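Presented below is the structure to which this report refers.
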Amino acid sequence: MKKVCIILLMLALFGCEERGRGAGVPVKPPVDGGGGTIPPVDPPVSTLPSSDIQTDKDALASGEANLSDRPVGGYAKTDTGDSTSTGTVTGEAAEVNNNVYGAFSEVMESGNAEASGTVNLSDSAVTGDVTGALAATEKEGNATATGDVVLSDSTVTGDVTGGYAETSNGDATATGSITGEAVTITGNESDGISNVFGAAALVTEIGHAEAKGSVNITGGGTITATTVAGAVAITENGHAIAGLKHVYGAERDEEPVGATVTLNDTTVNGSVWGGYAETKHGDLQNYTEGNYDENDNLIGVVDAGDAFAVNNHVNITDKTTVSGSVYGGVAKAFEAYRVQADLNNITVKDSTVSNNIMGGFAEVTAGGTVHYLYSERNNVMVDNSTVEGGVYGSFVSITEEASIESVYAAENTVFIKGKDTVINGTITGGLIQVEGVAGSIDAEYPSSDFHAVRNSIWLEGVPDLNGAKIYGGRFVGDADNLVSTDYEASGDDPAYTRRNYDFFGLNTLVVNDYTGTGKIDTISNIQYFMFRLAPDNHLTADTAVLKTVNLYLGDGGDGSGWGSMSMVGNWGGMDGSSTSSFGEGIQYSGAIRPGLGVGDTIYLIAADNAWNYDGSKAAVEGVDFESTTVKAQWGSLFEQELTTHLEDNNIIARVTGTSDLGDESGITYFNMPISNSVGIEQVKASNVQLKDFEKKVTYASDGSMIARHSKGHHTGDGARILTQDQVERREARKAAWQSLTDEQKAERRAARQTRPDGAIIEHGHRHK
């Protein structure tokens, strides 16, 4: 039998000279190779009853096997016809030098192959591959596999796959899972390569490949593998879907999760992919004869094929180490209509990744043609972990001489948090890398769209970002090669072509209760800065919230295509982001009034150098940075007005104006208008808070303040003004009451209504 072995293309990215914000430095993003080998279609090496093998007719098999006796549960094989197999293999304290299949189904010529099986091993050792279900059609027909592998305290020297489907001409569909606890999976003895795939689907000629699966390894597992992946879908000609197919405009929770990889207390000597989808030529079934030359080579533009790696999840926790890179979703194509790595999630907590982390990776390979190349709405969280490489919400790669219509690395979110987090590479919301010249599909309008916008980066806790570079959006390559010099604007604005490139617009940096260490090397391509902070801790440049060597700001929206000025301020209608709760751009932590008065300054970002967008000149307030007035809030009642400025390379916020109270604190009470000076001194005192009843204050005829609430009126100077200690005691009593059960509350109410002498208390009056 022919052994089919497809080598995945390496995810090698080559360095280019960077142009644009913070330009002038050659960069070579440290993106490691992915690669790996799809498990081969091999018959089990064992003596099988002749009744298991059919010739020129349908084959049907099912069975349950003990690993010590037989490595295959159901084994069905035929030359021509349909082959269907179901089966289970169970092993306990067993050893076998063989490939193990829960169900094996193969068609040697034409026909459909279907397999559904399970392998369940404990305290066992296998030298060979372990596959839950394998379905393969050698020449023509569909292959469908559904399989599960469960390993406990076991060792496998080879590939481990839940469901594996392969065909030459037809559709391959695979679903499956791998669950392991305290397992060791190592490479094959011959080549040292090993893959751990929840599901893998492969089409070698024409057809669609679709895979959705999961890998869950816990309990001190060790995997020496080229790749660990939830789902892998590869086709030469057709659609490739790993996880889910993207529906434009759909939200993450509208469909079930695609593929998942969960690694807990596990060592992986290789890379981790949530989902991997690759197509070579799109959907050739829609082509006419004219799409081939005299040598039968494909020519023309593909309009139907897609590569989707959508809604895949990777969770790496509890002291897991990964020696390679971690990808949420990878989508690649040579020629395709759409290539999308969208809506993928990565969480790395209490772990170590020795290379890069990418929520989504989308690529058109050298000389290829893709209409839409997108990697959007991916989430990456690094919490209390070490990452030796970079962290990217999305990474979009366009290799030399590719033709493309629209490119987006947008709406991604990167969270960096935790007290022991160390990031030794670049932190980027969305990156677009172009190697060499990238032309447009449409020769008449050779300008393509490139956008790395609407990305968010969150910094929380105490991460070590010493020397890190932070980019909201980023372009790596030669911008001069992106626009054809033959293009004529035909009376339009000559700057039209440059407006198609935006790596700045609506990118946001959110600094949320951040007390991180070290000086950041670069902060660039950020339009909006948002802060939640304890203001009393940041009163000088030395104690600024963020410190950086180089701060690159906007360009004043002069038509060059880079967007407008940077600012601290309101989100301007950005929807779909959890940062919308920050409202005005600055928020104080906690509910205690900050000790800041008019003229006091908070240092938000202190920079050694503040540049305009391309580093050609020093940044200028009103051109590269827009001063804005914001209202910082703390507690439920108070706010303070601040105005932001770019001053001596620093972004600062200064308390401005006087409050409605007529004092010099700049404090106002929203939802509680106060126009009388009675009680002002109490309110201005440190650690004082108003009790919020109906959020309404009125005044008696003598000018005293009356706070109204459901139980009557209280008058006097500063009526119902409570100290912070009083507020905290009341809140503690309230929390204690709410923690009681209904029975306990009833008992306490009854006790309060009865005097020691037995008299009943009614309506607050005691009666004998």
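The values are calculated or read from the model by the stated rules, or taken from the named source; none is laboratory data. Predicted model, so just to flag it, every value in this text is computed and none were measured. Virtual Cβ from ideal backbone geometry, glycine too; neighbours counted across all protein chains shown. Note: areas computed on protein heavy atoms with side chains; ligands, DNA, RNA excluded. Shrake-Rupley method; radii C 1.70, N 1.55, O 1.52, S 1.80 Å.
Brief remarks follow.
- Restricting GLY324, GLY290 to those that are modelled with pLDDT under 95, open to solvent by less than 10 Å² (accessible area, probe 1.4 Å) and under 28 Å from GLU400 (Cβ atoms) reduces the list to GLY324.
- Any hit, region 516-523, residues being at pLDDT below 90, farther than 24 Å from ALA409 by Cα and outside any loop (DSSP other than H, G, I, E, B): yes
- Scanning region 167-207 for residues that are at pLDDT 95 or above and touching a His at 6+ places or on another chain (Cβ under 9 Å) gives ALA172, THR173, ALA201.
- Counting only residues that are within 19 Å of THR262 (Cα to Cα), touching a Gly at 6+ places or on another chain (Cβ under 9 Å), assigned to a strand (DSSP E or B) and not charged (D, E, K, R), region 334-363 holds 7 of them.
- Taking region 524-543 as the range and being open to solvent by less than 10 Å² (accessible area, probe 1.4 Å) and modelled with pLDDT of 90 or more as the test, the residues that pass are SER524, ASN525, ILE526, PHE529, MET530, PHE531.
- Strands (runs of 3 or more DSSP E) within region 100-140 that include 3 or more residues closer than 12 Å to THR90 by Cα and of a type in the set (D, E, K, R): none
- Residue list for region 407-422, restricted to those being open to solvent by less than 10 Å² (accessible area, probe 1.4 Å) and hydroxyl-bearing (Ser, Thr, Tyr): THR421
- Scanning region 143-158 for residues that are under 18 Å from VAL232 (Cβ atoms) and not in a strand (DSSP E or B) yields a single hit, GLY158.
- Every pair of residues 6+ apart whose Cβ atoms lie under 7 Å, when the first sits in region 334-354 and is within 11 Å of SER385 (Cβ to Cβ) and among the hydroxyl-bearing types (Ser, Thr, Tyr) while the second is in a strand (DSSP E or B) and open to solvent by 50 Å² or more (accessible area, probe 1.4 Å): THR347/ASN315; THR347/MET381; SER351/THR321; THR352/THR321
- All positions within region 29-85 that are in contact with an Asp or Glu (Cβ under 6 Å, 6 or more places away or on another chain), in a loop (DSSP other than H, G, I, E, B), on the phi < 0 side of the Ramachandran plot and at pLDDT 55 or above: THR55, ASP58, ASP79, THR80, ASP82
- Taking the criterion of being within 15 Å of ALA336 (Cα to Cα), of a type in the set (A, V, I, L, M, F, W, C) and either at pLDDT 95 or above or open to solvent by less than 20 Å² (accessible area, probe 1.4 Å) (or both), the residues of region 358-373 that qualify are ALA362, VAL364, VAL370, LEU373.
- Some residue of region 397-413 being modelled with pLDDT under 85, touching a Pro at 6+ places or on another chain (Cβ under 9 Å) and not acidic (Asp, Glu): no
- For region 630-640, filtering for residues that are farther than 15 Å from PHE531 by Cβ and either open to solvent by 20 Å² or more (accessible area, probe 1.4 Å) or not in a strand (DSSP E or B) (or both) leaves 3.
- Pairs linking a residue in region 618-630 that is over 10 Å from SER566 (Cβ atoms) and at pLDDT 90 or above to a residue that is open to solvent by 60 Å² or more (accessible area, probe 1.4 Å) and among the charged types (D, E, K, R), with Cβ atoms under 9 Å and 6 or more positions apart or on different chains, are GLU621/GLU647; SER627/GLU621.
- Looking across ASP502, ASP492, ASP513, ASP464, one residue alone is open to solvent by 50 Å² or more (accessible area, probe 1.4 Å) and either modelled with pLDDT under 85 or among the small types (Gly, Ala, Ser) (or both). It is ASP492.
- Residues satisfying the stated conditions in region 374-405, i.e. open to solvent by 10 Å² or more (accessible area, probe 1.4 Å) and among the small types (Gly, Ala, Ser): SER403
- The single condition among (1) open to solvent by less than 50 Å² (accessible area, probe 1.4 Å); (2) within 33 Å of the chain's Cα centre (by Cα) that ASN609 does not satisfy is (1).
- Annotation: GLY615 fulfils all but one of (1) at pLDDT 90 or above; (2) at positive phi; the unmet one is (1).
- The lone criterion from (1) within 14 Å of the chain's Cα centre (by Cα); (2) β-branched (Val, Ile, Thr); (3) over 21 Å from SER354 (Cβ atoms) left unmet by THR399 is number (1).
- Residue in region 178-190 that is touching a residue at least 60 places away in the same chain (Cβ under 8 Å), over 27 Å from GLY238 (Cα atoms) and of a type in the set (A, V, I, L, M) present: no
- Residue check for SER124: open to solvent by less than 40 Å² (accessible area, probe 1.4 Å) and not charged (D, E, K, R): yes
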